[in-house]
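Student: Here you go, one structure.
Please treat every number below as a calculation from the coordinates, not as lab data. Treat the numbers as computed from the prediction; the structure is a model and nothing was measured. Heads up, the Cβs are rebuilt from the backbone with ideal geometry, glycines too, and the neighbour counts pull from every protein chain shown.
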Amino acid sequence: EPEVTQTPSHQVTQMGQEVILRCVPISNHLYFYWYRQILGQKVEFLVSFYNNEISEKSEIFDDQFSVERPDGSNFTLKIRSTKLEDSAMYFCASRAGLYSNQPQHFGDGTRLSIL
Amino acid sequence: KQEVTQIPAALSVPEGENLVLNCSFTDSAIYNLQWFRQDPGKGLTSLLLIQSSQREQTSGRLNASLDKSSGRSTLYIAASQPGDSATYLCAVRPQGGSEKLVFGKGTKLTVNP
């Protein structure tokens, strides 16, 4: 069964550095998402992406964050000038988009640790 | 603002028992509701999606119901097995064109052999 793949599985970065989290959504899916889960807390929506542009973003997704689909297969989340509170599990998800009521499929996540 | 609550936070049952996990949401204006399973250190596996117009969905030993007007959903697991041990998350997609899912904190299920 097709799946969303994320790399790396664990990223350790010094505070203030930039980090790029990578995702390969399921082939032929049209909608892409990033969520994060701080340890012990709920999964939180960050951003959705469709037709090569951001379709929706949360209050968390400020100027520190950006997303890009650099080619036909990858979807990236860039975090500039990382802070300690950015430490979390970051999940990428995708949805087929042919019908609005299709489920979102999630990857295994990237655990981001900011030191 | 939509809030999703899952009770209980943790549940421990003996193998073979039937069980129900609960999810409630504050705003009934939802497009659909999705149940996920999360294993420790892993991603979210989609289990069932219920459209706002549906009352229930079934997949194998899992049955999810939705009462949109009262803001409630339940996930029924029949004949539980140790392999069902995981955290179960409920998430709603609001109406109005939003793509985001709003998650509950989950119920951590332990099925003891």
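Student: Only four residue types carry charge here, +1 at the Cβ of Lys and Arg and -1 at the Cβ of Asp and Glu. Report the dipole size of chain A about the Cα centre in Debye, rounded to the nearest 20.
Tutor: I would put it at about 120 debye.
Student: Please sort by residue number the GluC sites (Glu not before Pro) in the range A:1-73 whose DSSP state is loop and whose Cβ has at most 15 other Cβ atoms within 10 Å.
Tutor: On the way: sites: A:Glu3, A:Glu18, A:Glu44, A:Glu53, A:Glu56, A:Glu59, A:Glu68; in loops: A:Glu3, A:Glu18, A:Glu59.
Qualifying residues, ordered by number: A:Glu3, A:Glu18, A:Glu59.
Student: For chain B, modelled as a GNM with alpha-carbon contacts under 10 angstrom, which of B:Ser12, B:Ser28, B:Ser65 fluctuates the most?
Tutor: Residue with maximal mean-square fluctuation among B:Ser12, B:Ser28, B:Ser65: B:Ser12.
Student: Starting from a Cα-only point model with no solvent, please compute log10 I(q)/I(0) by Debye for the protein assembly as shown at q = 0.11 1/Å.
Tutor: For the protein assembly as shown at q = 0.11 Å⁻¹, log10 I(q)/I(0) is -0.55.
Student: GNM on chain B, C-alpha springs below 10 Å: top fluctuator among B:Thr74, B:Thr26, B:Thr87?
Tutor: B:Thr26
Student: Below 8 Å between Cα atoms, with a sequence gap of 6+, how large is the relative contact order for chain B in percent?
Tutor: 37
Student: Where Rh is the Kirkwood radius over the Cα pairs of the range A:49-93, the temperature 4 °C and the viscosity 1.567 mPa s, what D in µm²/s does Stokes-Einstein return?
Tutor: Translational diffusion coefficient: 109 µm²/s.
Student: Give me the count of lysine pairs in the protein assembly as shown whose alpha carbons sit under 22 angstrom apart, restricted to pairs 8 or more positions apart or on different chains.
Tutor: 24
Student: Continuing with the same structure: Extent of chain A along each principal axis, from alpha carbon coordinates, in Å, largest to smallest?
Tutor: 41, 28, 27
Student: Using alpha carbon centroids, what distance separates the range B:1-32 and the range B:72-113, in Å?
Tutor: 6
Student: Would you work out which of A:Phe75, A:Met15, A:Ser58 lies farthest towards the positive end of the dipole of chain A, given +1 charges on the beta-carbon of Lys and Arg and -1 on that of Asp and Glu, about the Cα centre?
Tutor: A:Met15
Student: If you don't mind, another one. Compute the normalised compactness of chain B: alpha-carbon radius of gyration over 2.2 N^0.38 Å, N being the residue count.
Tutor: Taking the Cα Rg and dividing by 2.2 N^0.38 Å, one obtains 1.02.
Student: Let me ask you something else. Let me spell out the model: positive unit charges on the Cβ of Lys and Arg, negative unit charges on the Cβ of Asp and Glu, origin at the Cα centre of chain B. What dipole size does that give, in debye rounded to 20?
Tutor: Once rounded to the nearest 20, the dipole reads 240 debye.
Student: Let me ask another. Kindly put A:Ile26, A:Ile54 in sequence by how many other C-beta atoms sit within 10 Å of each C-beta, fewest to most.
Tutor: A:Ile54, A:Ile26
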